[in-house]
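Report on the following structure.
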Amino acid sequence: PPADTIWRTVLAESPAHGAELALAAGAIAGAAPPRDLVAQMLFASPTGRRAMAALDGAVARLKAQWPQDAPLRQADFSLDDAAPAAARDLIVSRYGLSRLSHETLADASAVLAVEAAPNPLWRAIFPDLNLRDADSWRAALNGAGFNDVQIREIAGGAWPAQLIAARRAAMEPE
């Protein structure tokens, strides 16, 4: 069938993936991705909502385990936000972890993040973004001093996403 028939069929069968379809079509045409469609894909599409729910659940679990007498300094940012400038106990990243410097990561006690795994859709829409697989994230976070790095796939989406949890082990007193 012609391409326009395929696009209309996919959109009719899965209207919630409209942002992904529009961004893919724009990438094929060489258009820059509109910010509102990118936000819809990342946060409001079925895949984006599933990824945000997984990240929000991980943040809630970490906060529940945090010592009640210790303040939790948390920095949240996403793909377009500026990276945290000051040291934080917890960095929560929504698709922006690859933009953090080694120094910013070195100042954090824990990192919770959602990132896309390498895939053709993201490479088309965000050709300059550094997409990493789980092994690459593990190596990067180990290199920044995190010795407990766990990564799990967030299944069932239009594009593969990863939930990344990294923390430093408590230092033993000398």
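The values are calculated or read from the model by the stated rules, or taken from the named source; none is laboratory data. Keep in mind the model is a prediction, meaning the values are calculated, not measured. Note that each Cβ is placed from the backbone with ideal geometry, even for glycine, and that neighbours are counted across all protein chains shown. Keep in mind that these areas ignore ligands, DNA and RNA; they rest on the heavy atoms of the full protein, side chains included. Shrake-Rupley method; radii C 1.70, N 1.55, O 1.52, S 1.80 Å.
Defining a contact as two alpha carbons under 8 Å apart and six or more residues distant in sequence, what relative contact order in percent does segment 46-174 show? Display every interim value, and only then the final one.
Details: 205 pairs, mean separation 31.7, N = 129.
So the answer I get is 25 percent.
How much length is gained if the chain between N130 and R50 is pulled fully straight, taking 0.36 nm per residue apart and subtracting their Cα-Cα distance, in nm to one decimal? The partial results should precede the final answer.
Details: separation 80, 0.36 × 80 = 28.80 nm, distance 2.19 nm.
Value of the extension gain: 26.6 nm.
Largest first, how would S93, S109 line up by accessible area (1.4 Å probe)? List each step's numbers first, then the result.
Details: S93 0, S109 50 Å².
Greatest to least solvent exposure: S109, S93.
Could you order D128, D133, D80 by accessible surface area, starting with the largest, using a probe radius of 1.4 Å?
On the way: D128 150, D133 75, D80 95 Å².
Accessible-area ranking of D128, D133, D80, largest first: D128, D80, D133.
Just the Cα atoms of segment 130-173, one point each, no solvent: what log10 I(q)/I(0) does Debye give at q = 0.26, 0.31 Å⁻¹?
Log10 I(q)/I(0), no solvent term: -0.92, -1.11.
Taking a point 7 angstrom from the Cα of S14 along the C-beta vector, which residues in segment 38-65 have backbone N less than 15 Å away?
Residues 41-42, 44-51 qualify, since their backbone N sits under 15 Å from the label point.
Using just the helices of the chain, give the 222 nm mean residue ellipticity in deg cm²/dmol: DSSP H runs with n ≥ 4 each add -39,500 (n - 2.57), and the total is spread over all residues, rounded to 500.
Working: 7 runs with 69 residues, N = 174.
-11500 deg cm²/dmol, from helical runs alone.
With a length cut of 24 Å (Cα positions projected on each helix's long axis) and a Kyte-Doolittle mean of at least -0.5, go through the chain and give me the DSSP H helices that pass.
46-65
Tell me the trypsin sites (Lys or Arg not before Pro) within segment 1-106 that lie in a loop according to DSSP and have at most 15 other beta-carbon atoms within 10 Å. Please report the intermediate quantities before stating the final value.
On the way: sites: R8, R35, R49, R50, R61, K63, R73, R88, R94, R99; in loops: R73, R88.
Loop-located and lightly packed - R73.
At 1.4 Å probe size, put T9, T47 in order of accessible surface, largest to smallest. Write out the running numbers ahead of the final one.
Details: T9 65, T47 5 Å².
I get T9, T47, largest accessible area first.
Mind running the shape call on segment 84-135? Use the C-alpha gyration tensor, a ≥ b ≥ c as the square roots of the eigenvalues: rounded below 1.5 for a/c, prolate if a/b tops b/c, oblate otherwise. Could the numbers behind the result be given before it?
Values: a/c = 2.71, a/b = 2.25, b/c = 1.20.
Because a/c hits 1.5 or more and a/b exceeds b/c, segment 84-135 counts as prolate.
If the chain between T5 and A31 were fully stretched, how many nm would it gain, using 0.36 nm times the residue separation less the Cα-Cα distance? Spell out each step's value before the answer.
Values: separation 26, 0.36 × 26 = 9.36 nm, distance 2.12 nm.
The T5-A31 span can extend by a further 7.2 nm.
Compute the orientation-averaged projected area for segment 81-174 from the convex hull of its Cα atoms and round it to one decimal in nm².
Values: hull surface 26.4 nm².
Quarter of the Cα hull surface area: 6.6 nm².
How much of the pair distance distribution for the chain lies past 24 Å, counting alpha-carbon pairs only, in percent?
Above the 24 Å cut-off, the chain has 40 percent of its Cα pairs.
Of all the C-alpha pairs in segment 1-93, what % are more than 20 Å from each other?
Working: 2336 of 4278 pairs.
Across segment 1-93, Cα pairs with separations above 20 Å total 55 percent.
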